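Data first, discussion second: the structure below is written as structure tokens.
The values are calculated or read from the model by the stated rules, or taken from the named source; none is laboratory data. Quick caveat, the model's predicted, so the values are computed rather than measured. Positions of Cβ are backbone-derived with ideal geometry, glycine not excepted, and every protein chain shown enters the neighbour counts.
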Amino acid sequence: DPLIKLTDVWKIYQMGEIEFAALKGINLEICEGEFLVVLGPSGSGKSTLMNLLGCLDTPSEGTVYLNSEDISGLDESELARIRGQMIGFIFQSFNLIPTLSTEENVLLPLEFQEEDREIARKKASYLLEIVGLSDKKKNLPSQLSGGQRQRVAIARSLAVNPPIILADEPTGNLDTKTGDYILEFLDGLHEREGKTIIIVTHDLDLVKYATRVVYIRDGEIEKIEDRRKNGSSK
Ligand code: ADP
Ligand code: ADP
């Protein structure tokens, strides 16, 4: 069974009298261990799709399944529980808490899970080590470079060891070299740990990491390119 399945999903935004269909009948299955890149121009519905895949929002019509569970009708507290167990988020703007140190930012998702403070701290230390920021534990986000902030965001997204990593324009604010480093790191998580990676972007360069590329335009899937068969996914 697919890890995530969308059947005839519509998302309609209501602005007073006006309705706008941001997603128009999306059908998509995502299997465990995929590295999916969703590509499309600005305004094509990528963020809207990302919000549905990440259980941040529910569809206006159609069904979203996660692990064969229909999540379309769940309320916010139920969605939050599923997000906490299943999904690590990486955003373009990092979404770090500016008043908390690097270490405290990574600890944040663990506060709701790990009862033992010492275990949580050890986990945070380990995560900061694997993203190469052991020496920046006490720094505030403002005292880090862009690439370092993104690495803190990655460490935080991995804190609860989610099977799915969702990234919205993860390299959008980074220079090419730093962006490549972040992508190589995500690729490693995919290769070594079998994480399911979903990246939403307008950056064509990211396609080289993908097992499949979903091209989206005006709220519809234009085509899906499968890159696994010909071994050219690297
Ligand atoms: P992308 O991420 O590809 O730039 P979005 O999913 O953010 O696209 O937006 C898709 C379309 O839906 C855009 O035309 C946008 O203006 C519209 N849209 C997005 N969010 C809202 C909202 N909350 N209310 C009304 N329209 C929205
Ligand atoms: P990059 O070239 O990767 O963007 P920067 O030039 O922003 O990196 O930063 C280089 C180094 O200086 C980094 O190790 C960063 O941690 C450190 N640094 C940057 N800004 C500050 C700051 N305001 N306070 C302390 N250290 C900083």
**Request:** Go through the residues of region 94-110 one by one and say whether even a single one is under 14 Å from residue 154 (Cβ atoms), polar (S, T, N, Q), away from ligand 2 (no atom under 15 Å from the Cβ) and out of contact with any strand residue (DSSP E or B) (no Cβ under 6 Å at 6 or more places or on another chain).
**Result:** yes
**Request:** Scan region 179-202 and give yes if some residue there is surrounded by fewer than 17 Cβ atoms within 10 Å (Cβ to Cβ) and among the polar types (S, T, N, Q), otherwise no.
**Result:** no
**Request:** Say whether the condition of being in contact (Cβ under 8 Å) with a residue 12 or more places away in the chain, farther than 19 Å from residue 90 by Cβ and hydrophobic (A, V, I, L, M, F, W, C) is met by at least one residue in region 36-54.
**Result:** no
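One line per residue, one yes/no per condition, for (1) more than 10 Å from ligand 1 (Cβ to nearest atom); (2) out of contact with any helix residue (DSSP H, G or I) (no Cβ under 8 Å at 6 or more places or on another chain); (3) aliphatic (A, V, I, L, M):
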site	(1), (2), (3)
27	yes, yes, no
37	yes, no, yes
48	no, yes, no
55	yes, no, no
59	yes, no, no
65	yes, yes, no
**Asked** Is region 114-137 home to any residue that is in contact with a Gly (Cβ under 9 Å, 6 or more places away or on another chain) and either without any contact (Cβ under 8 Å) to a residue 60 or more places away in the chain or in a loop (DSSP other than H, G, I, E, B) (or both)?
**Response** no
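Test residue 152 against the stated conditions and say whether it is in a loop (DSSP other than H, G, I, E, B) and touching a residue at least 24 places away in the same chain (Cβ under 8 Å).
On the way: in a loop (DSSP other than H, G, I, E, B): no; touching a residue at least 24 places away in the same chain (Cβ under 8 Å): yes.
The answer is no for residue 152.
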**Asked** So which residues in region 184-211 are more than 16 Å from ligand 1 (Cβ to nearest atom) and assigned to a loop (DSSP other than H, G, I, E, B), if there are any at all?
**Response** 194, 195, 210, 211
**Fill in**
Exception for residue 172 within (1) away from ligand 1 (no atom under 16 Å from the Cβ); (2) touching a residue at least 12 places away in the same chain (Cβ under 8 Å); (3) within 18 Å of residue 37 (Cβ to Cβ); (4) small (Gly, Ala, Ser) falls at (1)
**Prompt:** Do we have residue 162 as out of contact with any Asp or Glu (no Cβ under 7 Å at 6 or more places or on another chain) and at pLDDT below 90 here?
**Reply:** no
**strands (runs of 3 or more DSSP E) enclosed by region 16-82 - at least 1 residues per element that are more than 16 Å from ligand 2 (Cβ to nearest atom), under 21 Å from residue 2 (Cα atoms) and over 19 Å from the mean Cα position of the chain (by Cα)** = 18-30, 61-66
